[in-house]
Amino acid sequence: MRLLRIVGFILAVVTSAALGAYSYFLRDEAPTHPSLTRAILAPLVPVRDFFANTGAEWEYKPSHDGRLLAWYGVDWTKTVIRIKRSGESRPFLTLSGVEFDDFRWHPYNNKLIVAAEGRLWQIDPAKPAHDQWTDITPRGFQNWRIVSAASEPNDRLVVASNDRDPALLDLYTVRQDGGGKQLLEKNEGKSFDWWLDRSGVPVIRVDRLEDGGAQFLIRDSASDPWRTLTKAGASDTFAILYAPAAGKPIYAISDRGRDRIALVTIDPQTGAETVVAEHPKVDARKDVTLADQATEPDFVTFEDGYTQYRSFTPAGKMFLKLLLDGDNPVDFNVIASSPDGRFVTVARSWREQSFEYFLYDLEKGESTKIGEYDFRRHKDALAETRPVSFKARDGLEIPAFLTLPHGIEPKNLPAIVIIHGGPAQQEVWAYNHDYQFLANRGYAVLAVNFRGSTGYGKNFRAAGYGQFGKAMQDDIVDAANWLVGEGIADKANMAVMGGSYGGYSAALAMTRDPGLFKAAIVEYGVTDIAYQMQNNPFSWGLHLDEVKRYFGDPNNKADLDEMRQRSPLTHAANVQGAILITAGKEDRIVGFEQSEEFERALKAAGKDVTGVYFEKEGHGYNRWQTKVKRARLIEDFLAKHLGGRTGSFDYTELAAEYLN
């Protein structure tokens, strides 16, 4: 008896100590920056709720007739697919046991098509056992993607593959069971896109011209010869949106003969272009078509600060009626639609809120809430993002988006300048999980559309050509100075952050303008421009001319010398402040060896640098394990150097490590 009491006492002491230690390590660390220590901050949202939320449900997709709904959920850290019947609240089936990559409904029956384990499977919800899944993976390919699905039982699928040449795509057809591979269209070395008619026949193709432009060719049927429809210059944006329908014009986006991209139609006989919708300040950005076989857009969006819309069809008008809420800015994503466009699932977010999910019946004009992202329970802690702009040193107007910590005075805050990748990409007003994470830790976040970004016309984009490390980089410096000038940022506590090209620019900010930023987060970044330009992916073969407009020609010695001169690696010894480097070991676009070399150079120069390299990740991070580890690195790094707050140890770190 006495022995049992002693053992019980020891166990109680050990348990108490363990719980005490557990509570100690799980405690949040308060901010140290003076502007934050005096503020009443919103509740700190744990890393696990941002990036490993086991209550999350997402990607709702309706079956072809709207009777079934499938979506992703989480069971014990594993992603599963749930299925329920229309009108019912609970799923009748959960698919698990494999790592899912994607799923969609069959276009004409209520079977699910799932990508998992490197294969494509067809699953009958009435027979869900794994041994009853049907493997319908296209046979005879190493790399493939389906570009045209079947709409009837006897249709064949059209598959694009670059197996023959990494820089070129050929077209093939296969049966719906994946077999019967047949060549449909061989790429002769210049084609980089096709459009198919309703029978799966390529009727429009795009060829690259020697001057870097593009030639669009058209034919009426497979037995007809190709003829030139129209051409686009090397500096033009021109893309056909849909294959032509008999007797109707072809819809496209174009900036030919104008500065900004507009929605246009093309006469299939003459190639004449007619403007349908345009904006005086920004490009047409997103064309939305809800039915599979449509030949015209239902509506188009323009991103002039908050999103603006133009609708063209009854379906588009009904969609926007159900989507919009007065003058409140709305961020949305069309998740999926039935082949006829009647049933549409939508993720919708209002200002300062995470996503809710709806099923629209456009025929009846009905909206049914089908779920919400579990993170919405933190909506009172989330921050508002608003569009702003500032003048660059040469007078150019630079658009940006500012996210401020919830509920505190935006004055003299620690701040982070975010640089997007590309550089031919664009920041838009939208709910952004990463920016909310940073704002919740106490930071003002400014995401910049520096010159060279897309979305603001060809002149704004061309202003970035050849300006890496020069005017493009000046815009980043001017962004930081604008934050200080507006009284928002504490000049002594600013960081810069970006991935890919943004990683390059973040690293360069520390080497070209030392002392401006106290810290930098450089993610899968280009740190040696010359090396990158000499080792770009083969798959970029038909698009390298645009890359060269930004960075120069590696076969030109003067250009190559300038690339080296404007590379962070060359000037690592200039760094003042701390740098956090992350990269994926399976990155096929910017090899992680560049991050390693930059880390070595910084360490050799005695600089404060931490390098972390993630297994099973490529160019960008997708796994929840990586997201948890990355978030914990970032919040501790920024807390140390800028004085924001951190959640400290999160028990999901153990799960992320154990389940990696």
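The values are calculated or read from the model by the stated rules, or taken from the named source; none is laboratory data. Computed from a predicted structure; not experimentally measured. Quick reminder, even Gly has a Cβ in these numbers, built from the backbone with ideal geometry, and neighbours come from all protein chains shown.
Tell me, which residue of the range 96-125 that is without any contact (Cβ under 8 Å) to a residue 40 or more places away in the chain and among the polar types (S, T, N, Q) is surrounded by the most Cβ atoms within 10 Å (Cβ to Cβ)?
The initial filter retains those residues of the range 96-125 that are without any contact (Cβ under 8 Å) to a residue 40 or more places away in the chain, namely 96-102, 111, 113-119, 121-124.
Those left that are additionally among the polar types (S, T, N, Q): 96, 122.
On the way: S96: 14, Q122: 17.
Among those that are without any contact (Cβ under 8 Å) to a residue 40 or more places away in the chain and among the polar types (S, T, N, Q), it is Q122.
Is one or more of the residues making up the range 628-648 hydroxyl-bearing (S, T, Y), at pLDDT below 95 and in the same structural domain as E523 (by TED's automatic domain parsing)? Talk me through it step by step, then tell me what you get.
Filtering the range 628-648 for residues hydroxyl-bearing (S, T, Y) gives 646, 648.
Keeping just the survivors that are at pLDDT below 95 gives 648.
Retained after the next criterion (residues that are in the same structural domain as E523 (by TED's automatic domain parsing)): 648.
Among the residues of the range 628-648, at least one is hydroxyl-bearing (S, T, Y), at pLDDT below 95 and in the same structural domain as E523 (by TED's automatic domain parsing), which makes the answer yes.
Considering only residues that are part of a loop (DSSP other than H, G, I, E, B) and without any contact (Cβ under 8 Å) to a residue 40 or more places away in the chain, which ones fall in the range 191-209? Before the answer, list the steps.
Start the filter on the range 191-209 by keeping residues that are part of a loop (DSSP other than H, G, I, E, B), which leaves 197-201, 209.
Within the range 191-209, S199, V201, L209 qualify.
Can you tell me which residues in the range 406-422 are at pLDDT below 95 and either under 15 Å from the mean Cα position of the chain (by Cα) or among the polar types (S, T, N, Q) (or both)?
Listed by number, the list holds a single entry, G422.
If I ask for residues that are among the charged types (D, E, K, R) and closer than 12 Å to A245 by Cα, which ones from the range 191-218 would you list?
The first filter runs over the range 191-218 and keeps only residues among the charged types (D, E, K, R), leaving 193, 197-198, 205, 207-208, 210-211.
Once the filter is applied, which keeps residues that are among the charged types (D, E, K, R) and closer than 12 Å to A245 by Cα, the range 191-218 yields D197, R198.
Return the residues of the range 76-121 that are under 23 Å from D340 (Cα atoms), touching a Phe, Trp or Tyr at 6+ places or on another chain (Cβ under 7 Å) and not hydrophobic (A, V, I, L, M, F, W, C); say none if nothing qualifies.
K84, R85
In this structure, does I83 turn out to be among the hydrophobic types (A, V, I, L, M, F, W, C), in contact (Cβ under 8 Å) with a residue 12 or more places away in the chain, assigned to a strand (DSSP E or B) and touching a Lys or Arg at 6+ places or on another chain (Cβ under 6 Å)? I'd like the intermediate steps shown before the answer.
Details: among the hydrophobic types (A, V, I, L, M, F, W, C): yes; in contact (Cβ under 8 Å) with a residue 12 or more places away in the chain: yes; assigned to a strand (DSSP E or B): yes; touching a Lys or Arg at 6+ places or on another chain (Cβ under 6 Å): no.
It is false that I83 is among the hydrophobic types (A, V, I, L, M, F, W, C), in contact (Cβ under 8 Å) with a residue 12 or more places away in the chain, assigned to a strand (DSSP E or B) and touching a Lys or Arg at 6+ places or on another chain (Cβ under 6 Å).
Let me confirm something: among E397, E409, E384, which residue is in the same structural domain as A479 (by TED's automatic domain parsing), more than 30 Å from R67 (Cβ to Cβ) and in contact with an Asp or Glu (Cβ under 9 Å, 6 or more places away or on another chain)? I'd like the intermediate steps shown before the answer.
On the way: E397 fails: in contact with an Asp or Glu (Cβ under 9 Å, 6 or more places away or on another chain); E409 fails: in contact with an Asp or Glu (Cβ under 9 Å, 6 or more places away or on another chain).
Going through E397, E409, E384 in turn, just one is in the same structural domain as A479 (by TED's automatic domain parsing), more than 30 Å from R67 (Cβ to Cβ) and in contact with an Asp or Glu (Cβ under 9 Å, 6 or more places away or on another chain): E384.
Go through (1) touching a residue at least 24 places away in the same chain (Cβ under 8 Å); (2) surrounded by fewer than 24 Cβ atoms within 10 Å (Cβ to Cβ) one by one and return the number of the condition I476 breaks.
(2)
Every residue in the range 268-310 that is free of Cβ contacts under 8 Å to residues at least 24 places away in the same chain and within 30 Å of E152 (Cα to Cα), please. Quick ask: steps written out before the conclusion?
First, pick out the residues of the range 268-310 that are free of Cβ contacts under 8 Å to residues at least 24 places away in the same chain: 269-270, 272, 275, 278, 280, 286, 299, 301-302, 309.
Passing the criteria: K286, F299.
Okay, residues lined up against (1) in contact (Cβ under 8 Å) with a residue 60 or more places away in the chain; (2) crowded, with 16+ Cβ neighbours inside 10 Å; (3) in a loop (DSSP other than H, G, I, E, B); (4) not acidic (D, E):
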residue	(1), (2), (3), (4)
P43	yes, no, yes, yes
K61	yes, yes, no, yes
G66	yes, yes, yes, yes
W71	yes, yes, no, yes
G87	no, no, yes, yes
T94	no, no, no, yes
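With respect to F598, determine if the residue is of a type outside the set (V, I, T), touching a strand residue (DSSP E or B) at 6+ places or on another chain (Cβ under 7 Å) and either within 21 Å of T511 (Cβ to Cβ) or in contact (Cβ under 8 Å) with a residue 12 or more places away in the chain (or both).
Values: of a type outside the set (V, I, T): yes; touching a strand residue (DSSP E or B) at 6+ places or on another chain (Cβ under 7 Å): yes; either within 21 Å of T511 (Cβ to Cβ) or in contact (Cβ under 8 Å) with a residue 12 or more places away in the chain (or both): yes.
Yes, satisfied.
Can you give me the number of residues within the range 158-181 that are out of contact with any Pro (no Cβ under 7 Å at 6 or more places or on another chain) and within 17 Å of D193 (Cα to Cα)?
Residues that pass the stated criteria total 14.
In the range 167-197, what residues are under 29 Å from the mean Cα position of the chain (by Cα), of a type outside the set (A, V, I, L, M, F, W, C) and surrounded by fewer than 20 Cβ atoms within 10 Å (Cβ to Cβ)?
Hits for the range 167-197 are D170, K190, D193.
For the range 270-289, how many residues are assigned to a loop (DSSP other than H, G, I, E, B), at pLDDT below 95 and buried (at least 16 other Cβ atoms within 10 Å of the Cβ)?
1
Take the residues of the range 608-618 that are of a type outside the set (A, V, I, L, M) and surrounded by 19 or more Cβ atoms within 10 Å (Cβ to Cβ): which is farthest from A507 (Cα to Cα)?
As a first pass, look at the range 608-618 and keep what is of a type outside the set (A, V, I, L, M): 608, 610-611, 613-618.
Now drop any that are not surrounded by 19 or more Cβ atoms within 10 Å (Cβ to Cβ), which leaves 614, 617.
Working: F614: 19, E617: 21 Å.
Ranking the candidates gives E617 first.
What are the residues in the range 318-370 that are touching a Pro at 6+ places or on another chain (Cβ under 7 Å) and modelled with pLDDT of 90 or more, if any?
A336, S338, P339, F343, T345, L359 - these are the residues of the range 318-370 that are touching a Pro at 6+ places or on another chain (Cβ under 7 Å) and modelled with pLDDT of 90 or more.
Conditions (1) farther than 23 Å from E29 by Cβ; (2) hydroxyl-bearing (S, T, Y); (3) without any contact (Cβ under 8 Å) to a residue 12 or more places away in the chain; (4) surrounded by 18 or more Cβ atoms within 10 Å (Cβ to Cβ), marked per residue:
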| residue | (1), (2), (3), (4) |
| --- | --- |
| M563 | yes, no, no, yes |
| Q576 | yes, no, no, no |
| L580 | no, no, no, yes |
| T646 | no, yes, no, yes |
| A656 | no, no, no, yes |
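Exactly one of these conditions fails for R164: (1) loosely packed, with under 13 Cβ neighbours inside 10 Å; (2) under 19 Å from I335 (Cα atoms); (3) basic (K, R). Give me its number.
Exception for R164: condition (2).
Could you tell me which of the residues P423, P399, P410 is in a loop (DSSP other than H, G, I, E, B), crowded, with 17+ Cβ neighbours inside 10 Å and not aromatic (F, W, Y)? Quick ask: steps written out before the conclusion?
On the way: P399 fails: in a loop (DSSP other than H, G, I, E, B); P410 fails: crowded, with 17+ Cβ neighbours inside 10 Å.
Just a single option satisfies the conditions, and that option is P423.
List pairs: first in the range 485-510 and among the hydrophobic types (A, V, I, L, M, F, W, C), second part of a strand (DSSP E or B) and surrounded by fewer than 24 Cβ atoms within 10 Å (Cβ to Cβ), Cβ under 6 Å, 6+ apart or cross-chain?
Qualifying pairs under 6 Å: A495/A519.
Give me the residue from the range 433-442 that is of a type outside the set (D, E, K, R), in contact with a helix residue (DSSP H, G or I) (Cβ under 7 Å, 6 or more places away or on another chain) and modelled with pLDDT of 95 or more and, out of that set, nearest to A262 (Cα to Cα). Spell out the reasoning first.
Taking the range 433-442 first, the residues of a type outside the set (D, E, K, R) are 433, 435-440, 442.
From what is left, the residues that are in contact with a helix residue (DSSP H, G or I) (Cβ under 7 Å, 6 or more places away or on another chain) are 433, 437, 440, 442.
Now drop any that are not modelled with pLDDT of 95 or more, which leaves 437, 440, 442.
Details: F437: 35, N440: 38, G442: 40 Å.
Filtering first and then ranking leaves F437.
Looking at the structure I just gave you, is T313 buried (at least 17 other Cβ atoms within 10 Å of the Cβ) and outside the structural domain of W195 (by TED's automatic domain parsing)? Give the steps one after another, and end with the answer.
Values: buried (at least 17 other Cβ atoms within 10 Å of the Cβ): yes; outside the structural domain of W195 (by TED's automatic domain parsing): yes.
Answer is yes for this residue.
So T345 ticks every box in (1) assigned to a loop (DSSP other than H, G, I, E, B); (2) at negative phi but one. Which box is left unticked?
Only one criterion is unmet by T345, namely (1).
Would you point out the residue of the range 106-136, among those that are assigned to a helix (DSSP H, G or I) and either within 30 Å of the chain's Cα centre (by Cα) or of a type outside the set (S, T, N, Q) (or both), that is nearest to Y72 (Cα to Cα)? It would help to see each step written out before you state the result.
In the first step, residues of the range 106-136 are kept if they are assigned to a helix (DSSP H, G or I); the result is 130-132.
Then drop every residue that is not either within 30 Å of the chain's Cα centre (by Cα) or of a type outside the set (S, T, N, Q) (or both), which leaves 130-131.
Values: H130: 18, D131: 21 Å.
That would be H130.
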